[in-house]
1. Only residues that are of a type in the set (S, T, N, Q), part of a loop (DSSP other than H, G, I, E, B) and either in contact (Cβ under 8 Å) with a residue 12 or more places away in the chain or touching a Ser or Thr at 6+ places or on another chain (Cβ under 9 Å) (or both): list them for the stretch 5-49, please.
2. Could you say which residue among ALA55, ALA34, ALA68, ALA73 is in contact with a Gly (Cβ under 9 Å, 6 or more places away or on another chain) and modelled with pLDDT of 85 or more?
3. When the residues of the stretch 29-51 are filtered to those that are under 21 Å from the mean Cα position of the chain (by Cα) and surrounded by 14 or more Cβ atoms within 10 Å (Cβ to Cβ), which remaining residue is nearest to ALA19 (Cα to Cα)?
4. Being exposed (fewer than 11 other Cβ atoms within 10 Å of the Cβ), over 19 Å from ALA55 (Cα atoms) and at pLDDT 70 or above narrows it down to one residue among ALA101, ALA109; which is it?
Amino acid sequence: MHDRAAIRRLSAQGLGPSAIARQIGCSRSSVYRALAPDAALSYRRQRRYDIEGAAVDELLAAWPRMTAVALAARSGWSGSLRQLQREVHVRRSAAIRAADASGVVIRPAPIIPA
């Protein structure tokens, strides 16, 4: 998002919306939104993980080594798989440390020779 404070500062200096848009590198409609009286000085779009991440976090806590693809399928993730992979990568080490600290040891099943 563009710097709304800078847009307001340029407007106070007497520049028009078209000139501000050219200087900042945004559309005129962005300038008009930034100059609206009820517009906040900063704007942050909510990420998909902020909206749907609770279900993924629960699954990751229960199964810290579950793949991002499986997490997406089981949680009903509707966003980008790449975005989910990035978020899981950040959270996975904490989930594994928490699982290891709980004292529960998960060992793979032994391979029985044929």
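1. The answer is SER42, and nothing else.
2. Working: ALA34 fails: in contact with a Gly (Cβ under 9 Å, 6 or more places away or on another chain); ALA68 fails: in contact with a Gly (Cβ under 9 Å, 6 or more places away or on another chain); ALA73 fails: in contact with a Gly (Cβ under 9 Å, 6 or more places away or on another chain).
Step by step, each of ALA55, ALA34, ALA68, ALA73 is checked, and only ALA55 is in contact with a Gly (Cβ under 9 Å, 6 or more places away or on another chain) and modelled with pLDDT of 85 or more.
3. ARG48
4. None of the others qualify; the one that does is ALA101.
The values are calculated or read from the model by the stated rules, or taken from the named source; none is laboratory data. Just so it is clear, the model here is predicted, and its values are computed rather than measured. Using ideal geometry, Cβ is built from the backbone for each residue, glycine included, and neighbour counts are taken over all protein chains shown.
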